[in-house]
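The values are calculated or read from the model by the stated rules, or taken from the named source; none is laboratory data. Computed from a predicted structure; not experimentally measured. As a convention, Cβ positions derive from the backbone with ideal geometry for all residues, glycine included, and neighbour counts pool all protein chains shown. Side chains are part of the model used for accessible areas, which takes the heavy atoms of the whole protein and leaves out ligands, DNA and RNA. Shrake-Rupley method; radii C 1.70, N 1.55, O 1.52, S 1.80 Å.
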Amino acid sequence: MPREMILLPYDPMWPEKFERIRANLLMIFGDLAIDIQHFGSTSIAGMDAKPIIDVMVIVRAIAKVDELNPQMERAGYRPKGENGMPGRRYFQKLHSDGVNHTQHIHCYEKDNPAAIDELMFRDYLRIDPDAFDAYRNVKREASEKYRYSPAAYTDFKTDCVNAIMEKAKKYFAE
């Protein structure tokens, strides 16, 4: 069964789910964690989203995250290493169907540019209604066109994401 790119209307329970995840991650990461943030579409009130809670853990030393793989596995997460992004450690939690994802945990060291960009994108979508609408619309179109292709779904959104990031960088640089 292929993974589906199905969007759901915003669920006000997503922030509460994040808080439960955050509490569990704090027990695993302890002092290694500097900050834990909810990001991605489920963190943006009103945004349609795949029902996957994206969590960013900012850590003191990225290499030390690998030592937590056994604890993360016991908590139901699949360690995926960098998974294509140097300087990141990534974990997935799967739905009971064994295919679809319910949580993504992204670990970065403090000041990692990818982490900064992810949070800037989230924050900008929260304040710019035009960017919010553009992103929601491209997500809907991507979901319709590429329901069973996660890579094509992501690729389809790239131009929109890049345009929003340009605006966000200008806005937050001021």
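What to note about this one:
- Residue that is most open to solvent (accessible area, probe 1.4 Å) [pool: residues in segment 29-49 that are within 14 Å of ALA61 (Cα to Cα) and outside any helix (DSSP H, G or I)]: ILE34
- Boolean, LYS169 is open to solvent by 90 Å² or more (accessible area, probe 1.4 Å), in a helix (DSSP H, G or I) and touching a residue at least 40 places away in the same chain (Cβ under 8 Å): yes
- Looking only at segment 63-91, residues that are over 22 Å from GLY30 (Cβ atoms) and surrounded by 13 or more Cβ atoms within 10 Å (Cβ to Cβ) come to 2 in all.
- Test result for ARG60, of a type outside the set (Val, Ile, Thr), farther than 15 Å from ILE21 by Cβ and surrounded by fewer than 16 Cβ atoms within 10 Å (Cβ to Cβ): yes
- Enumeration of residues in segment 1-57 that are within 16 Å of PHE121 (Cβ to Cβ) and polar (S, T, N, Q): GLN37, SER41, THR42, SER43
- Reported count of residues in segment 11-28, each being in a helix (DSSP H, G or I) and either within 16 Å of PHE91 (Cα to Cα) or without any contact (Cβ under 8 Å) to a residue 24 or more places away in the chain (or both), is 12.
- When we screen GLY98, GLY84 for residues that are free of Cβ contacts under 8 Å to residues at least 24 places away in the same chain and either part of a helix (DSSP H, G or I) or farther than 21 Å from SER41 by Cβ (or both), the only hit is GLY98.
- Among all positions in segment 108-129, there is no residue which is of a type in the set (Phe, Trp, Tyr), open to solvent by 30 Å² or more (accessible area, probe 1.4 Å), in a helix (DSSP H, G or I) and in contact (Cβ under 8 Å) with a residue 40 or more places away in the chain.
- Yes/no for MET56 being assigned to a strand (DSSP E or B) and under 14 Å from the mean Cα position of the chain (by Cα): yes
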